[in-house]
Amino acid sequence: MMGWVILLLVAVIAGAVLIVIGFPARLWTIAATALTLGATGYAWQGMPGLEGHPVSQADKTGELDPDEVLLRNAMFGEFNFARQYFAPADAFTRDGKYDLAVTVMQAGTIKSPGDASLWTGLGTAFSNHDRGVSPASRFAFDRAMKLWPQHPGPPFFLGLAYVRMGALAEARPFWARAVALTPEDVGYRQVLMAQLDWLDRRIAEQAARQKQMLAEPPAE
């Protein structure tokens, strides 16, 4: 029963966000459809009929690297339309309320479906919520890369989501693409190159460990 109450609260908060941002009334059916799909998925996979259980403080507290926010602002611009969505989504992420961060970013993509920065933010929100690059997260990132194919932001943050789940080899082509798409005179290019260099060293270390393990004779 508690699961359904939480789902209802999410729907109410989503409606409030849409009202605050001035979402057009004529498009409310689109937002309602998105919420309905989310509820359907929750009913299918989330088992809302189960009773809730206490969680530790570590489970409640989210993580948001300040350097990540600074880099995102540098890549997409700190003062733009997307700011009104990133700010509350960041706050929800810091509180560990990843579902609400997803809701906010979904509202942004509905309001401005051609803004790849919002789709990138949605992909990141989904990856935080799903603890990795899930189909929903990858869909959002792919949409961002299709909208802005020459922008380094979407592939970089997709790569970052892969790194956080430990999929280093999967991350590398996206970070390499981000570096290739960044002009040499852009300030954050050095940051992206340093990240790619770090990733290459980690991948090399993993390969060396695996080679050593294969070379060691089996224990008797």
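At-a-glance table
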read-out	value
Search result, residues across the stretch 194-218 that are touching a helix residue (DSSP H, G or I) at 6+ places or on another chain (Cβ under 8 Å), over 17 Å from Glu68 (Cβ atoms) and either aliphatic (A, V, I, L, M) or not in a helix (DSSP H, G or I) (or both)	Ile203
In the stretch 93-137, the residues that are hydrophobic (A, V, I, L, M, F, W, C), surrounded by fewer than 24 Cβ atoms within 10 Å (Cβ to Cβ) and in contact (Cβ under 8 Å) with a residue 60 or more places away in the chain	Leu100, Ile110
Test: residue in the stretch 176-191 that is on the phi < 0 side of the Ramachandran plot, part of a helix (DSSP H, G or I) and within 16 Å of the chain's Cα centre (by Cα)	no
Residues satisfying the stated conditions in the stretch 90-146, i.e. assigned to a helix (DSSP H, G or I) and β-branched (Val, Ile, Thr)	Thr93, Val102, Thr103, Val104, Thr109, Ile110, Thr120, Thr124
Near pairs, Cβ below 8 angstrom, 6+ apart or cross-chain, from the stretch 186-203 (surrounded by 14 or more Cβ atoms within 10 Å (Cβ to Cβ)) to any residue that is among the polar types (S, T, N, Q) and in a loop (DSSP other than H, G, I, E, B)	Tyr188/Thr182; Arg189/Thr182; Leu192/Thr182
Selected residue (only one of Ala178, Ala167 is under 20 Å from Arg201 (Cβ atoms) and surrounded by 19 or more Cβ atoms within 10 Å (Cβ to Cβ))	Ala178
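Per-residue answers, yes or no, for (1) farther than 19 Å from Leu64 by Cβ; (2) out of contact with any helix residue (DSSP H, G or I) (no Cβ under 9 Å at 6 or more places or on another chain); (3) of a type outside the set (A, V, I, L, M, F, W, C):
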site	(1), (2), (3)
Pro152	yes, no, yes
Phe157	no, no, no
Met165	no, no, no
Ala169	yes, no, no
Pro173	yes, no, yes
Pro183	yes, no, yes
Val186	yes, no, no
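Each reported figure results from applying straightforward, stated rules to the coordinates on display, with no laboratory input. All of these numbers come straight from a predicted model, not from anything done at the bench. Methodologically, a virtual Cβ is constructed for each residue, glycine included, from the backbone with ideal geometry; neighbour enumeration extends over all protein chains shown.
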